[in-house]
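First the structure, in the form of structure tokens, and then the observations on it.
The values are calculated or read from the model by the stated rules, or taken from the named source; none is laboratory data. If you're wondering where the values come from, they're calculated on a predicted model, not measured in any experiment. Virtual Cβ from ideal backbone geometry, glycine too; neighbours counted across all protein chains shown. Heads up: the accessible areas ignore ligands, DNA and RNA and are worked out on the full protein's heavy atoms, side chains in. Shrake-Rupley method; radii C 1.70, N 1.55, O 1.52, S 1.80 Å.
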Amino acid sequence: MAATPPSYPLLEKIDDPAQLRKLERKDLHRLAGELREFIVQSVASTGGHFSSNLGTVELTIALHYVFNTPDDRIIWDVGHQTYGHKILTGRRKQMGTLRQKGGIAGFPRREESAYDAFGTAHSSTSISAALGMAAAARQMKNPRTSIAVIGDGAMTAGMAFEALNNAKPDDKVIVVLNDNEMSISENVGALTNYLARLMSGQFYAKTKKTAEKILSATPTFKEIAKKVEGHAKGMLTPSTLFEEFGFNYTGPIDGHNVDVLVDTLANIRKLDGPQFLHVVTRKGQGYKRAEDDPINYHGPQKFDPTVGIVPKPASKPTYTQIFGDWLCDMAALDPRMVGITPAMREGSGLVKFSQQYPDRYFDVAIAEQHAVTFAAGMACDGLRPVVAIYSTFLQRAYDQLIHDVALQNLPVVFALDRGGLVGADGPTHHGTFDLSYLRCIPNMVVMTPSDENECRQMLFTGMQLDGPSAVRYPRGAGPGVAIEREMRALAIGKGEVRREGRKVALLAFGAMLTPALAAAESLNATVANMRFVKPLDDEMVFKLATSHDYLVTVEENVVMGGAGSAVLESLSAQGLAVPVLQLGLPDYFVEHGDPAVLLADVGLNAEGLVQRIQQWLGKLQPQHKAAG
């Protein structure tokens, strides 16, 4: 007998927060239960961020219940905890399309809803954005409140503290620290909640102001009183650090007690100046499997909620796994090698390395800029650092890449994961600009492996260099070639011809070699695996340009300034004139969706390459014959 599908009698009546605010307080607990169950069922059928969303159910309800959204602005940091927010703001019926082509995004997007006050997906931007909105409200004499919801992980980034340091005494802004690493027992939690409500209330604020006025005539006593107050409050709360930045600190409070959240937020809303609320939540709250294993349930694929995630044996290793295995093998060969990640141990494939070589593993938290300069410092004094980082996140450390690594020509290897279109996370996570922003930096060697074994050998090659290098590889599995255990350094700046053809030569970079080879069968074209974007194989370019009528460059990177542009520059420098078609990613942000579908949409699958090349040849060949 089939299980009875869950019902959501309260949730189905809410299509916007105005309807939520009409509920009686006693109904909020039931609403939280329905919302959590809806998230479980929804993500189980679509995949997506899971444990983080279960952890913010009560907080989401309380924020929309207390504040007049969307006039009051809620800015969610990163945004992978916003499914409840999306459901309560009119997108419940669209959750079945989550992260799919044409469906709603997995992160907040301003064009998607008026309730998405700021587009996010990269960490630690919320406080800066909230302060900017508070300044705009002040300029326009609008009394609205700006609320930044930031996780404890995102608070490790320097940008968050840069923003805190810039807060003004009259900013109508609230920072909600969603701390999901701390656990609170019932007894401590009850006392903490009581103290937090007391300190967030009007009585505490007025008493504090009255005391300051009385003591203002005697600076010595005022100074002593401030110190006593700071120490006393410091004994009751984790830190007075945030008050030193000019914020009134409240907390920590239980982030799963909707009554405490509503009371505290309502009190804080009435206070003047910047407010800082410390909320303690638990990832995966309400779904035992996710509570016990929040990492694996962070972003699962589809699963049966009654069974949980069932690991599927991979038919081929992913590039991330190839990197992780290489890192351990390389560490065994070279005691100078160290591995660095900005809080992406699992995502970047460093789990095994961190276990086998804990003294050589460095997780610097969400601090990409620090990660790169930290590596530079290590390289200065004889170590050989490998920085494992997503393409989209290295963008955040571009100045450090240039100024601290490349300018000093330091031997740092950048293992650049998620190059190209990554899929459901969408434009914030696509690695579409790296070939362009890397190849213009002096001293850099930029490599693009076409398969798993080439990735391993290129990583080894980077370790043999005396300067900086980047090995840029895609998400997921490669074509499935055999992996050689023995490591060998490749000739720098040298490609290889993989197929001989006539008239047309395809110059493929990285993972685009596979569709290029398939397309070449229909075109009877030559295919070169270029391997290096920088230094480019100028001899190969010369050979192909002088033996073929047409050249086609193929890359999973934006066309502007990418590998194809490097080929054009090489042709120009060598005084060669041959028609060139540059195929790559278009000059717009590609949406989220299945990577294979997205590649087909932009014409970078085998069929798309054939069609685009034939159309181009059809336009050029009459002109070419006339010129000949």
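For the chain, the residue among 41, 266, 473 whose Cα projects farthest onto the positive side of the dipole built from Cβ charges is 266.
Placing +1 on the Cβ of every Lys and Arg and -1 on the Cβ of every Asp and Glu, with no other charges, gives segment 547-610 a dipole of roughly 240 debye about its Cα centre. Here segment 18-123 exposes an accessible surface that is 47 percent carbon and sulfur, computed with a 1.4 Å probe and the other protein chains kept in place.
Annotation: amide H-H contacts under 5 Å for residue 337 (H modelled 1.01 Å from N, sequence separation of 5 or more, or interchain): 384. The charge dipole of the chain, taken about its Cα centre with unit charges on the Cβ of Lys, Arg, Asp and Glu (plus for the first two, minus for the last two), comes to roughly 1160 debye. If you look at the Cα atoms of segment 68-151, you get an Rg and a Dmax of 13.1, 41 Å.
The overall shape of segment 1-139, judged from the alpha-carbon gyration tensor, is oblate: a/c is not under 1.5, and a/b is no greater than b/c. Among 316, 288, 283, the sequence by solvent-accessible area, most first, with a 1.4 Å probe is 288, 316, 283. As a fraction of the 1.4 Å probe accessible area of segment 410-458, surface on carbon and sulfur atoms comes out at 60 percent.
The DSSP beta bridges internal to segment 408-494 are antiparallel in roughly 10% of cases. Shape class for segment 392-467, computed from the alpha carbon gyration tensor (a ≥ b ≥ c): oblate, with a/c not under 1.5 and a/b at or below b/c. Here the accessible area of segment 497-552 is 46 percent carbon and sulfur, with a 1.4 angstrom probe and all protein chains present. Taking Cα centre as origin and charging only the Cβ of basic (Lys, Arg, +1) and acidic (Asp, Glu, -1) residues, the dipole magnitude of segment 1-157 rounds to 260 debye. The convex hull drawn around the Cα atoms of the chain, when projected onto a plane and averaged over every direction, covers 34.1 nm².
The amide H of residue 251, built 1.01 Å from its N in the peptide plane, has 278 as neighbours under 5 Å, considering only residues 5 or more places off or on other chains. In terms of its C-alpha gyration tensor, segment 531-601 comes out prolate, because a/c is 1.5 or above and the ratio a/b outweighs b/c. Each DSSP beta bridge with both residues in the chain is either parallel or antiparallel, and the antiparallel ones are about 15%.
Within the set 288/352; 13/86; 13/101; 13/93, which residue pairs have Cα atoms separated by over 23 Å? Over 23 Å Cα-Cα: 288/352; 13/101. Residues 514, 60, ordered by accessible area of protein heavy atoms at a 1.4 angstrom probe radius and largest first, appear as 514, 60. On a per residue basis, the chain carries 43 Å² of accessible surface, using protein heavy atoms and a 1.4 Å probe.
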